[in-house]
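Notes follow once the structure below has been shown.
The values are calculated or read from the model by the stated rules, or taken from the named source; none is laboratory data. As the structure is a computational prediction, the values presented were derived from the model and not from experiment. Glycine gets a Cβ as well: all are built from the backbone with ideal geometry, and neighbour counts include every protein chain shown. These area figures cover heavy atoms from the full protein model, side chains too; ligands, DNA and RNA do not enter into them. Shrake-Rupley method; radii C 1.70, N 1.55, O 1.52, S 1.80 Å.
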Amino acid sequence: MRREKLDKWGFYGRRDELDHLRELLRRQRWFFLKVSGRRRIGKTSLVQQALQAEGRQKVLYIQIPDSDPAGVVSAARDFYDLFGVGGPLPVDLRSLAASIGELARQGFVVAVDEFQYFHRKALFEFTSHLQFEVDRLARDAAGVRGGLIVLGSIHTEMAALLEDRSAPLFARLTHALDVPHLDIASVLEILRVHTEPTAERLLFLWNLFEGVPKFYRDAYEEEVLGAERSELLRELFFSSSSPLRTEAENWFLRELRGRYDLVLKYIARHPGCTNGEINAHARSVEPEREKQVGGYLRVLRERYRMVKHLQPVFAKSTARNSRYYISDNFLRSWLAALAAPAASVNFRPIEVLVREADERLADADGYGLEQLVGVLYEERSRKGLEGFRLTQRVQGFWDRGDTEIDLVALNEEDRIVRLGTCKRAAERLAPDFAGFDAQIARFRQCIDRVRDWRLEKVAIATRHSQRTREAARRAGYIPQDLEELTQGL
């Protein structure tokens, strides 16, 4: 039996969110809470943990299917039976809303998952019925011991249901909670409990799973959290029972159609690409539909939050040199490295496919390291740990010439700017120091704001040796690696 199976899976991270929920439940009065976040991020587990910690016995959980009204009511009746909720069962959307209101009066906490489906035209009437019940409960808030929690994963549809001025439920929420990725400290806690938290393993797993607790638990359940890269990939993605083999498909492809997939794949395989490059790719594949790319990008950014666009540090909001990235590491890794090999398991040897997928993921580790380092700088500064004190979010810098700086960190109070170069392999840093020095000089020439600030140069790798540390220091650089950046977390 592998080591990680010796330790039972627990609840990791989310201390602030858990405290917020427990305090809300402790008040013993009416509340209407929205919990949002990407799929698999742990919204339901967080709510369950809070309910258990506060000893709430009267609970009803309903997961809404992507169905018509009859399908929704049928699913709700099944959950009423599963949770042993007595009384008349709902027969339509109106009576479902009325039943939720009555249960809240009886002291139940009702959690409605996948609430965004009520944005569908066929189900939208439910929100008006629910508004009637919520308004009645709000009027009697002091005497109502129960509450309503709605959970959802599609930002714009949840916003349209609850925050749009024309929506029946507008201004009815009493509380809202956005569940982000686990922070690096929580990921490290998982690794320390179940395996060895080496720098290489942290980079590989974070680049693949980021802070999605469900994926780390899947690896734990398959007993590969501490395994070699190829074994983990084989068990999680390439066997007939692999838990993540269809995860990305179920998450986003059933929500998207056609051109979205084309745009997403290109951005995943070319992180930091420009709008012009995306247009050129789309034109090469489907020249007659070129003009629609901007609309697709807007939907992917605003509705699904699958794509983000960044501008270099200090750039004006109107600057045109923005770059596009997939906002979720798992989605990026799937599209860039795993989707094609995983789809070929019936036609090619699995060992060959696993090797190809691993090589593609390794190519993406460099960009993943840049991301991870930026998150670590922010997390360390936020928690007051030893290191660079940030006053502005970490971001890179680039221009239309040859300047490309991986890390720009600012301490505006002490007038310090730290510029960094990141390489997965420390041995690759020294040959680039002269070129990076030239880029730093160009950066300082074109950015008046920091021209007279103290400059710190940092050379960052997954793991430094004594030799690479000394080489960095001789060149005037501060050597840093993931082992150092994770100390104290």
Excluding ligands, DNA and RNA, the carbon-plus-sulfur percentage of the accessible area of the chain with a 1.4 Å probe reads 46 percent
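Rounded to the nearest 5, what % of the DSSP beta bridges within the chain are antiparallel ones? The partial results should precede the final answer.
On the way: 14 of 45 bridges.
Roughly 30 percent of the DSSP beta bridges within the chain come out antiparallel.
Just to confirm, what accessible area per residue do you get for the range 182-283 at 1.4 Å probe, in whole Å²?
On the way: 3670 Å² over 102 residues.
Each residue of the range 182-283 exposes 36 Å² on average to a 1.4 Å probe.
State to the nearest 20 debye the size of the charge dipole of the chain about its Cα centre, where the only charges are +1 on K and R beta carbons and -1 on D and E beta carbons. The partial results should precede the final answer.
Working: 76 positive and 72 negative charges, 190 e Å.
The calculation lands at about 920 debye.
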Using a ≥ b ≥ c from the Cα gyration tensor of the range 37-180 (square roots of the eigenvalues), is it rounded, prolate or oblate, where a/c under 1.5 gives rounded and otherwise the larger of a/b and b/c decides, a/b for prolate? rounded
Take the alpha carbon atoms of the chain, find their radius of gyration, then divide it by 2.2 N^0.38 Å using N residues; give the quotient. 1.08
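Roughly how many Å² is the accessible area per residue of the range 314-448, as a whole number, for a 1.4 Å probe? Don't jump to the answer; show the numbers that get you there.
Details: 6300 Å² over 135 residues.
That works out to 47 Å² per residue.
With the contact rule set at Cα under 8 Å and sequence spacing of 6 or more, what percent relative contact order holds for the range 1-107? Write down the numbers at each step before the final one.
Numbers: 58 pairs, mean separation 19.7, N = 107.
About 18 percent, as a whole number.
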How high is the relative contact order of the range 444-489, in percent, with contacts defined as C-alpha pairs under 8 Å that are six or more residues apart? 37 percent
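Counting Lys +1, Arg +1, Asp -1, Glu -1, what net charge surrounds Ser327 among other residues with beta carbon under 11 Å of its beta carbon?
Details: positive: Arg38, Arg301, Arg305, Lys308, Arg332; negative: Glu210, Asp328.
Overall, the nearby charge balance is +3.
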Counting only heavy atoms of protein chains, what accessible area per residue, in Å², does the range 1-132 have with a probe of 1.4 Å? 49 Å²
Report the label-to-label distance for Arg449 and Asp437 in nanometres (one decimal), using points 7 Å from each Cα along the Cα→Cβ vector. 2.7 nm
Count the net charge of all other residues whose Cβ sits under 12 Å from the Cβ of Leu485, scoring Lys and Arg as +1 and Asp and Glu as -1. -4
For Cα pairs less than 8 Å apart in space and 6+ apart in sequence, what is the mean separation divided by the residue count of the chain, i.e. the relative contact order in percent? 12 percent
